Amino acid sequence: MIDSTGKLGTVVSSARFKNQIKPMDKASEAILALKPVTFRYEEELDPDGMPQFGLIAEEVEKVNPDLVVRDEDGKVSTVRYEAVNAMLLNEFLKEHRKVEEQDRRLQKQEATIASQQKEFQSAVAQQRKEIQLLRASLAEQAAQIQKVGAQLEVSKAVPKSVSNNQ
């Protein structure tokens, strides 16, 4: 870590060196406004002109002043990338929890759909059986109607005589 005087050192992570510890929650959402860039350092800093990736400290300061380090004159000099990384981790974990919840809901919906498909297939099978029974019943009724119709035709053809016994 580089402190406010520009000294390089290590950062302790143990809870025994920290106070006012609380979840980051929405504080990390500020990183969503950051604009990563590609750049090359000025020649006096990097004579080879290697391509770099990072953030512009002045832009980061506008998003969250706690994410920059100032020099002895109070000018913004660098980004606290360790803080940005912690915020990135927090946002990643929030998104991961959302994905897990969506997976749970998707699995539940898939189970519901599978259950409904089984119910639907069962209902269709039952309706097919009922349709077959109705067809058989209709065929039987049609045969009876045909039989009765044939009997009516036969009875029309037979001459009827009425005897007059007086």
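When I31, I56 are screened for being of a type in the set (A, V, I, L, M) and free of Cβ contacts under 8 Å to residues at least 24 places away in the same chain, only I56 passes. Within segment 39-51, at least one residue is more than 34 Å from the chain's Cα centre (by Cα) and aromatic (F, W, Y).
Report the residue count in segment 37-50 for those that are closer than 19 Å to Y81 by Cα and surrounded by 10 or more Cβ atoms within 10 Å (Cβ to Cβ). Selection size over segment 37-50: 4. Only residues that are of a type in the set (A, V, I, L, M, F, W, C) and either exposed (fewer than 10 other Cβ atoms within 10 Å of the Cβ) or closer than 16 Å to L89 by Cβ (or both) were counted in segment 51-76, giving 2.
If you take the residues in segment 70-83 that are of a type in the set (A, V, I, L, M) and modelled with pLDDT of 95 or more, which one is farthest from P23 (Cα to Cα)? Out of the qualifying residues, it is V76. When every residue of segment 88-111 is checked against the conditions, at least one turns out to be surrounded by 10 or more Cβ atoms within 10 Å (Cβ to Cβ), part of a helix (DSSP H, G or I), of a type in the set (S, T, N, Q) and in contact (Cβ under 8 Å) with a residue 12 or more places away in the chain.
Is it the case, given these coordinates, that R104 is basic (K, R) and over 25 Å from A27 (Cα atoms)? The answer is yes for R104. Strands (runs of 3 or more DSSP E) fully within segment 1-84 that include at least 1 residues being polar (S, T, N, Q): 37-39, 52-54, 76-79.
The values are calculated or read from the model by the stated rules, or taken from the named source; none is laboratory data. None of the values given here were measured: they were computed from a predicted structure. Cβ coordinates were reconstructed from backbone atoms using ideal geometry, including for glycine residues, and neighbour counts include every protein chain displayed.
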